[in-house]
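**Student:** Pasting a structure below so you can have a look.
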Amino acid sequence: MTANRRNVLAGMGGMASVTVAGCLGEMVSGGGEQETVLWNQFTEGEQKTLDKHLKTFNEGRDDELHSENLSDVKKQLKTAIPAGDGPHTFPWAHDRIGKYESQDFVYNAKDDVEVDLAGTYTENAASAVQWNDGVYGLPYASETVSLMYNPKLVEQPPETLSEMVSIMEDHHDPQNSKWGLSCPPKTAYFVSAFLQAFGGNIYDKESRDVGIEDDAFIEGIELLQNSIWPYVAEATKYAEQMPPFADGNAPFAINGPWQLSGFRDSGVDATVAPLPDIEGGSPNPYTGVQTWYFTSQLNGASDVSLDTTVEWAEWYTTTEDVILGNAQEHGLIPVHKNYTESDELGDDVATFAKTVAMGTPMPSDPRIDTVWTPLESGLQQIFTGQKEPEEAMSAAADEIRSRWE
């Protein structure tokens, strides 16, 4: 372990930030040194916060960590990593660890990290970054989607889904560019709370099989079909679903902490509320653990780049200013044991934490990656009247299992 790394772990940091445009992996600087690189897909508000933290981390370092913001990190990784390019680290939810490990996209840092995972992070967070006895990243926050409302349009958040539907009905007027809800309804993660509300599940990690054909899951689809789908704009892509709420033309949004600053920067006082109660069931959203991944670029990296990458993840996930700043500015729920019950986290975090407590961690099994496209195509067919739920989910399940074969 270098002296510089010991200093970081002792809490010594600094200030200087460099943003690199167009970097693909370990670039060569003027002095012949290879640069250490992170990629991210943060929103504008999140990027500002990241730049601030990079300043602190980079001060006084011979090997500065460089950042590049991309529009589609997953797509870029898919082509860059096999070509020997790409970043040394990137932030993403934990659920891709199993898939990326099977593709040799990630680096096992079990022998490199100095942090005691079990002693530092919550049980779910420490478990989330491990797969097949390896450590493929470090966790910095937990998150899920929850209800948001515009206090100019809604006096009090609804306690039940029936109350929410009534409010959406009052505001929904597509002919005048008004809608009841901003939410990408066929993106399974965003509506998992409803799909799994009656005891069904998208994927069973014990049986390693999908549960989308089960009666309980079909009941969740019908709930979504009747109570959510009628109140969203016809355009179902994520970016197209944001303007109704951001422009003040919808009373509600279902979204995560990453979107909070964007909504508020648009002029809407987005206020977070727990997901409403569901008659005969209970909301069960998928939850994620945001993680700084260690990529396979570290396998051939210099010792300096390896140290910088691991130090960054350790520093970011254990530094109080980072943890509290992410909570207060972006509603990210701390997973560091010393801060999970801090009274400095703010109302957003406290509310998101209530919704996280309702939910289920996303599976890390690489099989889950093949579930999303058939499932979401099936939801689209149901919502547009092309198929009944049972038929669509049976076909989706068959397609998923055929991909596993």
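The values are calculated or read from the model by the stated rules, or taken from the named source; none is laboratory data. Just so it is clear, the model here is predicted, and its values are computed rather than measured. No Cβ is skipped: glycine too gets one built from the backbone with ideal geometry, and neighbour counts run over all protein chains shown.
**Student:** Confirm whether GLU344 is farther than 26 Å from SER282 by Cβ and in contact with a Leu (Cβ under 6 Å, 6 or more places away or on another chain).
**Tutor:** Judged against the criteria, GLU344 is a match.
**Student:** Anything in the range 122-160 that is more than 28 Å from ALA270 (Cα to Cα) and surrounded by fewer than 21 Cβ atoms within 10 Å (Cβ to Cβ)? List them, or say none.
**Tutor:** Correct list: THR122, GLU123, ASN124, SER127, GLN130, ASN132, ASP133, GLY134.
**Student:** A further question on this structure: Among the residues of the range 385-393, are any in contact with a Pro (Cβ under 9 Å, 6 or more places away or on another chain) and among the hydrophobic types (A, V, I, L, M, F, W, C)?
**Tutor:** No: the range 385-393 contains no residue that is in contact with a Pro (Cβ under 9 Å, 6 or more places away or on another chain) and among the hydrophobic types (A, V, I, L, M, F, W, C).
**Student:** In this structure, does VAL349 turn out to be surrounded by 21 or more Cβ atoms within 10 Å (Cβ to Cβ) and under 21 Å from MET148 (Cα atoms)?
**Tutor:** Yes; evaluated as a whole, the condition is true for this residue.
**Student:** From the list ARG403, ARG367, exactly one residue is in contact with a Ser or Thr (Cβ under 6 Å, 6 or more places away or on another chain) and farther than 20 Å from PRO139 by Cβ. Which is it?
**Tutor:** Going through ARG403, ARG367 in turn, just one is in contact with a Ser or Thr (Cβ under 6 Å, 6 or more places away or on another chain) and farther than 20 Å from PRO139 by Cβ: ARG403.
**Student:** Name the single residue that is surrounded by the most Cβ atoms within 10 Å (Cβ to Cβ) among those in the range 226-240 being free of Cβ contacts under 8 Å to residues at least 24 places away in the same chain and under 20 Å from the mean Cα position of the chain (by Cα).
**Tutor:** In this case the residue turns out to be GLU240.
**Student:** Being aliphatic (A, V, I, L, M) and outside any helix (DSSP H, G or I) is the filter; apply it to the range 81-117 and report the residue that is nearest to the chain's Cα centre (by Cα).
**Tutor:** ALA93
**Student:** Out of everything in the range 118-130 that is assigned to a helix (DSSP H, G or I) and not polar (S, T, N, Q), what residue ends up being farthest from ALA80 (Cα to Cα)?
**Tutor:** So the residue we want is GLY119.
**Student:** So for the range 330-341 (the condition being assigned to a strand (DSSP E or B), within 21 Å of ASN255 (Cα to Cα) and assigned by TED's automatic domain parsing to the domain that holds GLU123), does at least one residue qualify?
**Tutor:** yes
**Student:** Return yes when GLU213 is in a loop (DSSP other than H, G, I, E, B), without any contact (Cβ under 8 Å) to a residue 12 or more places away in the chain, among the acidic types (Asp, Glu) and closer than 30 Å to TRP404 by Cα and no when it is not.
**Tutor:** no
**Student:** Turning to a different aspect of this structure: Of all residues in the range 350-368, how many are under 30 Å from THR340 (Cβ atoms) and either modelled with pLDDT of 95 or more or assigned to a helix (DSSP H, G or I) (or both)?
**Tutor:** Total meeting the criteria: 11.
**Student:** A further question follows. Just to be sure, is LEU54 buried (at least 21 other Cβ atoms within 10 Å of the Cβ), in a strand (DSSP E or B) and either touching a residue at least 24 places away in the same chain (Cβ under 8 Å) or under 20 Å from the mean Cα position of the chain (by Cα) (or both)?
**Tutor:** No; evaluated as a whole, the condition is false for this residue.
To keep it simple, each residue is scored yes or no on (1) at pLDDT 95 or above; (2) charged (D, E, K, R); (3) more than 11 Å from ILE221 (Cβ to Cβ); (4) outside the structural domain of LYS237 (by TED's automatic domain parsing).
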{"site": "THR370", "(1), (2), (3), (4)": "no, no, yes, no"}
{"site": "LEU375", "(1), (2), (3), (4)": "yes, no, no, no"}
{"site": "PHE383", "(1), (2), (3), (4)": "no, no, no, no"}
{"site": "GLN386", "(1), (2), (3), (4)": "yes, no, yes, no"}
{"site": "PRO389", "(1), (2), (3), (4)": "yes, no, no, no"}
{"site": "ALA397", "(1), (2), (3), (4)": "yes, no, yes, no"}
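**Student:** Can you name the residue in the range 158-184 that is part of a loop (DSSP other than H, G, I, E, B) and within 24 Å of the chain's Cα centre (by Cα) and, of all such residues, is modelled with the highest pLDDT?
**Tutor:** CYS183
**Student:** Considering only the range 65-80, how many residues are among the small types (Gly, Ala, Ser) and assigned to a loop (DSSP other than H, G, I, E, B)?
**Tutor:** Number of matching residues: 1.
**Student:** Within the range 185-199, is there a residue that is within 14 Å of PRO230 (Cα to Cα), in a loop (DSSP other than H, G, I, E, B) and under 18 Å from the mean Cα position of the chain (by Cα)?
**Tutor:** Yes - at least one qualifying residue is present in the range 185-199.
**Student:** Here are some residues: LEU223, LEU138, LEU147. Which one is touching a residue at least 24 places away in the same chain (Cβ under 8 Å), out of contact with any Ser or Thr (no Cβ under 6 Å at 6 or more places or on another chain) and assigned to a strand (DSSP E or B)?
**Tutor:** LEU147 is the lone residue from the list that is touching a residue at least 24 places away in the same chain (Cβ under 8 Å), out of contact with any Ser or Thr (no Cβ under 6 Å at 6 or more places or on another chain) and assigned to a strand (DSSP E or B).
**Student:** How do the pairs read when you match residues in the range 270-285 that are touching a residue at least 60 places away in the same chain (Cβ under 8 Å) with residues anywhere that are in a loop (DSSP other than H, G, I, E, B) and of a type in the set (Val, Ile, Thr), using Cβ under 8 Å and keeping only pairs 6 or more apart or on different chains?
**Tutor:** PRO285/THR144; PRO285/VAL145
**Student:** Turning to a different aspect of this structure: Between LEU298, LEU345, LEU332, which is of a type outside the set (Gly, Ala, Ser), in contact with a helix residue (DSSP H, G or I) (Cβ under 6 Å, 6 or more places away or on another chain) and farther than 17 Å from TYR121 by Cα?
**Tutor:** Just one listed residue meets the conditions, LEU298.
**Student:** Still on this model: So ASP62 fits all but one of (1) at pLDDT 95 or above; (2) in a loop (DSSP other than H, G, I, E, B); (3) farther than 15 Å from LEU298 by Cα; what number is the exception?
**Tutor:** ASP62 satisfies every listed condition except (1).
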